[in-house]
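Q: Take a look at the following structure, please.
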Amino acid sequence: MKRPVVLSVLALTTLLLAACYPPPYAPATPSPIALATAAPTPAEAAAVVAAVRAETQTEHLSPDGRWRAVVYTYPCVEIEGVRLAYDELRLISVDSGTDPLIAHQLQNCEGLGASGLAGQFWSANSRYFYYTDARYGVPDGGCRPFTPPTFRLDPAMLAAQPLGSGPRSPDGTRLAAWQDGELVVWDLETGAAEHVSPLDSANVQGAIAWSPDGQSLVYLQTENPCPPSGRAIITRINLPGLEQSVVLDTAELDQQPRFYLGLAWDAADTLRLVAEEGAEWRLDLTTGALTK
């Protein structure tokens, strides 16, 4: 006597999805290029897709009108005792309707950390689309402000590249981000990158801030990743040329705040430094005076 075949909920769900599931809630038949770039969907993600309807998280039409970058979110649902959610980023061709899978993410709704796909913006020339994989939350165990990482999608190649974490310039054309121990200044339209090694490679990399005119930026380094952060160094980079100069070294001060939170450029010659418990200090870049 043959034993009956018993399928788990996940296995049964996967078989049902393979048989029928209407777009956009099921992965569309990928083009040959998409096959090379899209990872297979795990069984847990398939179960989430089967259990709930997709919601449009973000949608961005390219300036030339050729592409729609859409993040679909499948909200939290319990799958075999675990609450899961699932995100997909698809690049939809306005002309052909093809929608290859660019990125996907399975999320534990009760877990810690930063997660969630979200579209950010297109370059003005429609050459690149930018998105993040940390829409909400912060890294587990972090103790300083968190800037979500940025990824760059090239629609022509259907390939994505991580750019690191950091702010855009005031005019929106560049991104300054930490990546692999360097500060990288990315041109968001051409894709070109300029690499800067920090003056003090031993210290922890911290906040980055652009000047109001976008011609300079400053970055913070601290002795320790968490408070009390000990010695803090603020370095200025002038663009173009990438000339660096230290504008503040707290080791030279008799009394110093325990910098660890961040900084901002208040005016052309003034930095605002955020210290512990929300205390703020002002640094005059002309005189070097530091006041609380």
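Bear in mind these aren't lab numbers, they're just calculated from the coordinates by the rules spelled out. Treat the numbers as computed from the prediction; the structure is a model and nothing was measured. We place every Cβ from the backbone using ideal geometry, glycine too, and count neighbours over all the protein chains shown.
Q: What number results when the radius of gyration of region 117-191, computed over Cα atoms, is divided by 2.2 N^0.38 Å?
A: Working: Rg = 12.5 Å, N = 75, 2.2 N^0.38 = 11.3 Å.
This ratio for region 117-191 stands at 1.10.
Q: Right, next: Convex hull volume of the Cα atoms in region 124-253, per residue, in Å³? Spell out each step's value before the answer.
A: Details: hull volume 15.4 nm³, N = 130.
Cα-based convex hull of region 124-253, divided per residue, equals 119 Å³.
Q: Could you tell me the largest-minus-smallest coordinate of the C-alpha atoms of region 181-235 on each of the three principal axes, in descending order and whole angstroms?
A: Rounded to whole Å, the extents work out to 40, 23, 17 Å.
Q: Have a look at 94, 79, 49 and report the one farthest towards the positive end of the charge dipole of region 35-113, computed about the Cα centre with Cβ charges (Lys/Arg +1, Asp/Glu -1).
A: Selected residue: 94.
Q: Scattering from the C-alpha atoms of region 191-277 alone, worked out with Debye: what is log10 I(q)/I(0) at q = 0.15, 0.16, 0.24 1/Å?
A: Those come out to -0.54, -0.62, -1.27, one per q.
Q: While we're here: Can you give the Kirkwood hydrodynamic radius for region 58-160, in Å, rounded to one decimal and based on Cα pairs? Please report the intermediate quantities before stating the final value.
A: Numbers: mean 1/r = 0.0684 Å⁻¹.
One decimal place: 14.6 Å for the Kirkwood radius.
Q: Magnitude of the Cβ-charge dipole of region 132-261, K/R +1 and D/E -1, about the Cα centre, nearest 20 debye?
A: Working: 8 positive and 16 negative charges, 74 e Å.
So the magnitude is around 360 debye.
Q: Here is a further query. Could you please state, rounded to a whole Å, how far the C-alpha centre of region 118-185 is from the C-alpha centre of region 260-292?
A: 25
Q: Projected onto the charge dipole of region 98-158 (+1 at Lys/Arg Cβ, -1 at Asp/Glu Cβ, origin at the Cα centre), which of 150, 123, 106 gives the Cα projection farthest towards the positive end?
A: 123
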